[in-house]
Amino acid sequence: MAVAALITWLVTAVGGFVLLGMWMAKGGHRTGRDSASRFRPALVFGHLLLAVAGLVVWIAYLVNDSAGLAWTAVVLLAVVAALGFTMFAIWVSQVRDGRAEVTAERHFPVAVVFGHGALAATTLVLALLAAVDA
């Protein structure tokens, strides 16, 4: 289960990097009056950095077989999921409002957004189950 969580985590990260690349290419990282996004850079980069930190802790758990590391990674992953769900809610509100301004995240492919979210949820469940078993 722990290795399956690692695999889904890595595949989820690929989707996340695709979305991040599109967001940055469309100017989403700009702040101020010329901002091209409703996502604040702190939200996006916080999501990214905590996800990477959690992944590093998960790998350390796999190497050391420490229940404390497993639970630390699960807590980090839960925070990452909350930040991701926040971005998802903002994105959905834009997609549903066809008259809203065109932002960087409006260019996200629906399949990538939903795939990233579904894999993230799967990763969270697998990591939680592995931590309980640790």
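Every number in this text was worked out from the coordinates using simple rules, so none of it is lab data. What you see is a predicted model; the values in this text were computed from it and never measured. Counting neighbours? That spans all protein chains shown, and the Cβs are built from the backbone with ideal geometry, glycine included.
For every helix of n ≥ 4 consecutive DSSP H residues, a contribution of -39,500 (n - 2.57) applies; sum these over the chain, divide by its total residues, and give [θ] at 222 nm rounded to the nearest 500 deg cm²/dmol. Spell out each step's value before the answer.
Values: 4 runs with 102 residues, N = 134.
About -27000 deg cm²/dmol.
Where in segment 34-70 does the label zone of Ala134 land, with the point 7 angstrom along Cα→C-beta and an amide N cut-off under 18 Å?
Counting only backbone N, you get 50-70.
Starting from 0.36 nm per residue, how many nanometres of slack lie between Val56 and Val95 once their C-alpha separation is accounted for? If you can, show how the numbers build up before the last one.
Details: separation 39, 0.36 × 39 = 14.04 nm, distance 3.35 nm.
Residue separation times 0.36 nm, minus the Cα-Cα distance, leaves 10.7 nm.
Helix 2-25: angle to the longest alpha-carbon principal axis of the chain, degrees 0 to 90, nearest 10?
Helix 2-25 sits roughly 20 degrees off the main axis of the chain.
Could you line up Ser93, Ser37 from fewest to most neighbouring Cβ atoms inside 10 Å? Can you show the working numbers first?
On the way: Ser93 11, Ser37 22.
Result, fewest neighbours first: Ser93, Ser37.
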